[in-house]
Amino acid sequence: MSTSFEMSLDHPIKDVIAAHPPIGVILGDFQIGCVDCSVGTCLLKDIVDIHHLEPEAERDMMERIARVVEPGRTAPVPLRKRRPFATGQAGTSPPIRKLMTEHRWILRWAALIPHVVERADLATAEGHQLVLNGVEFIRSYADQFHHAKEEDILFGYFSPDMDILKAMRTDHETARGHVRAIVAAVEQRDATAAGKHLLAYADLLRDHIRKEDEILYPWMDRLLLDAQVGQMYAQFAEVDRHFGGLPQQLEQFVAKLETRWGIPPPQDAS
């Protein structure tokens, strides 16, 4: 007969936290932000797999959760069978490394956004064009070139009903909303609104990319078959051919701004 703890593993995390609020605090102690997630239907057991904690940390977290669900419990929680796991670009497959390299350029643009907000005077043609050039980078590089690989190809190897993919797509749509608001503000010469949405976009992207690089991509990489990795690499190469030299031109836009303003790339985006 299954215990209350074992049954909780097959319940959506929002329901588990609603029934046992201290579990939200425990997850937060291990940098798992389910409390703030806008969706929250991932099963508790899937969250453990996705975040792939070190064995000692996983045991500690799960035993704390078990004691909340079953007060007085003393039985140890067995560790799951674990897939091989590597962190950082060096331990990932070539197509995932491509996506992470593109993230570095997007983060470099995000790091420039506060300086753009400070320096771009929308009352001048130069300031007006600077913001529009930044929008072009976002739309052509991040939302078309990068997402042609991420959303259209990588995500296609997994069920669209997966909660973590729904959360990532929600972030993408929120980012697109900020971009539309930026364009409208530029057209109206509303520097305050443009700055507000530019900064919000940068904050969103930094958090979003961290979740993808540290949680989503490594988890997906562990699940992909070798044949799928090879197929995806070929599909990514086709995207690169389709876009030609445009991505490199957009990367140069970012690099030239860094040089012009004397701003080095952030360490996590070099």
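The values are calculated or read from the model by the stated rules, or taken from the named source; none is laboratory data. Bear in mind that the values here come from a model prediction, so they are computed numbers and not experimental data. Because the Cβ atoms are built from the backbone with ideal geometry, glycine has one as well, and the counts that use them run over all protein chains shown.
Does region 104-122 contain any residue that is of a type in the set (A, V, I, L, M, F, W, C) and either more than 17 Å from Tyr201 (Cβ to Cβ) or not assigned by TED's automatic domain parsing to the domain that holds Ala185 (or both)?
So far as region 104-122 goes, no, none of its residues is of a type in the set (A, V, I, L, M, F, W, C) and either more than 17 Å from Tyr201 (Cβ to Cβ) or not assigned by TED's automatic domain parsing to the domain that holds Ala185 (or both).
Residue check: is Pro247 assigned to a helix (DSSP H, G or I), in contact with a helix residue (DSSP H, G or I) (Cβ under 6 Å, 6 or more places away or on another chain) and either in the same structural domain as Glu173 (by TED's automatic domain parsing) or surrounded by 15 or more Cβ atoms within 10 Å (Cβ to Cβ) (or both)?
Taking the combined requirement at face value, the residue satisfies it.
Could we say that Arg176 is out of contact with any helix residue (DSSP H, G or I) (no Cβ under 8 Å at 6 or more places or on another chain), surrounded by fewer than 17 Cβ atoms within 10 Å (Cβ to Cβ) and either outside the structural domain of Ile50 (by TED's automatic domain parsing) or modelled with pLDDT under 95 (or both) here?
So Arg176 does not fit the description; no.
Name the residue, out of Ala167, Ala120, that is under 19 Å from Ala255 (Cβ atoms) and among the hydrophobic types (A, V, I, L, M, F, W, C).
Unique residue meeting the criteria: Ala120.
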